[in-house]
Amino acid sequence: MTKMPVAIEGENIIKDFKIGDTVTRVLKGISLQIPKGEFLSIMGPSGSGKSTLLYILGGLDSPTNGSVLMGGKDISRYNDEKKSVMRRRDIGFIFQFYNLIPNLNVEENVLLPILLDGKNAKDYRKQLNNILEIVGLTDRRNHTPRELSGGQQQRVAIARALINSPDIIFADEPTGNLDSKTGTEIMKLLKEINRESDKTIIMVTHSADAAAYGNRIVSVRDGMIYNSNS
């Protein structure tokens, strides 16, 4: 059996948080490999460290010790500017609360990473049209977030994560703010994107139903991996 290339690898990730004189170890030496094209679900109770792990893997936070290898490069050693460029160009993020700009319409919200990277939005017109079709928002392109349902807003966030054609997409509780029916629709969309576009998806969730859409589930408890299955 051919071994899949590794998209991202965490090696002995430790994360401490210090409040006053008290140091709390949130992650206690986590190591994991995520093959290219995998849909990985990370589950765990509140306070288990699963979101902290996701942020470190995606370069939104840095480990106290350990490393995160992406394309063979240790992104945990990048400075803030280099991490920011990497997040805009190489990876996509989907958050529970959408993080849309209220006074921008759908198109403008989706194109925001392009504009922040100093690129010309006109060069991405075809890609924008394709992505809006994929997420089912072609007829909502001129609407602002307040004119959209929660599920539609999350679809905008997914489209925004896709606009730069990233290899890896990180999703933090993508259905956590949605009703079960809408959440199922979002998970089906993410699964379709994973299958059709061969995107690596790393998702944190507390929902067993959502986690089941992944082809591997890693369970985190008390800052450690205690179960991993496919």
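None of the figures in this text is laboratory data; all of them are computed from the coordinates on show. Keep in mind the model is a prediction, meaning the values are calculated, not measured. All Cβ positions, glycine included, derive from the backbone under ideal geometry; neighbour counts span all protein chains shown.
Which entry in (i) 52, 42, 32; (ii) 51, 40, 29; (iii) 49, 48, 38 matches Cα extents along the principal axes in Å derived from the coordinates of this structure?
(iii)
Return the sequence-ordered ³J(HN,Hα) values of the range 86-98 in whole Hz as given by the Karplus equation 6.51 cos²θ - 1.76 cosθ + 1.60 applied to θ = phi - 60°, using x for Gly and Pro.
4, 5, 6, 9, 10, 9, x, 10, 10, 10, 4, 9, 6
Give me the net charge of residue 167's neighbourhood, meaning all other residues with Cβ under 10 Å from the Cβ of residue 167; Lys, Arg count +1, Asp, Glu -1.
Values: positive: 36, 199; negative: 90, 198.
Computed value for this residue: 0.
With everything on Cα atoms, drop me the angle between helix 180-197 and the longest principal axis of the chain, reported from 0 to 90° to the nearest 10.
Helix 180-197 sits roughly 90 degrees off the main axis of the chain.
If I model a spin label at residue 115 and residue 197 as a point 7 Å from the Cα along the Cα→Cβ vector, what separation in nanometres do I get?
2.0 nm
Net charge near residue 153: determine it from the other residues with C-beta under 12 Å of the C-beta of residue 153, scoring Lys and Arg +1 and Asp and Glu -1.
+3
Which of the lysines could be linked to residue 15 by a straight reach, that is with a Cα gap under 29 Å, when you skip same-chain ones fewer than 8 residues away?
Correct list for residue 15: 28, 36, 50, 73, 82, 83, 199.
Between residue 92 and residues 5 or more places away or on another chain, which pairs have amide H atoms under 5 Å apart, with H built 1.01 Å from N, and which residues are they?
Placed amide hydrogens put 168, 169, 170 under 5 Å from residue 92.
Taking the 0 to 90 degree range and rounding to the nearest ten, how far is the long axis of helix 150-162 tilted relative to the main principal axis of the chain, both from C-alpha atoms?
80 degrees
Using each residue's phi in the range 14-24, evaluate 6.51 cos²θ - 1.76 cosθ + 1.60 at θ = phi - 60° and report the 3J(HN,Hα) Karplus result to the nearest Hz, with x for Gly and Pro.
My calculation for the range 14-24 gives 10, 9, 10, 10, 10, 10, x, 9, 9, 10, 10 Hz in order.
Taking the Cα centroid of the range 41-75 and of the range 149-186, what is the distance between the two, rounded to the nearest whole Å?
Here the two parts' Cα centres lie 20 Å apart.
Check cross-link reach from residue 18 to the aspartates and glutamates: straight Cα distance under 15 Å, and skip same-chain residues fewer than eight apart.
Partners within reach: 61.
Taking a cut-off of 16 Å between Cα atoms, list the aspartates and glutamates near residue 122, but don't count ones fewer than 8 places away on the same chain.
Straight-line reach from residue 122, under 16 Å: 107, 108.
What is the sum of charges around residue 64, taking Lys and Arg as +1, Asp and Glu as -1, for the other residues whose C-beta is under 12 Å from the C-beta of residue 64?
+2
Run the simple label-point estimate for residue 6 and residue 216 please: 7 Å along Cα→C-beta, distance reported in nm.
1.1 nm
What is the list of residues in the range 128-171 whose amide nitrogen lies under 11 Å from a point 7 angstrom out from the Cα of residue 179, following Cα to Cβ?
Residues passing the 11 Å test: 150-151.
For the range 36-107, would you read off the P(r) tail past 17 Å as a percentage of all alpha carbon pairs?
On the way: 1396 of 2556 pairs.
Value for the range 36-107: 55 percent of Cα pairs lie more than 17 Å apart.
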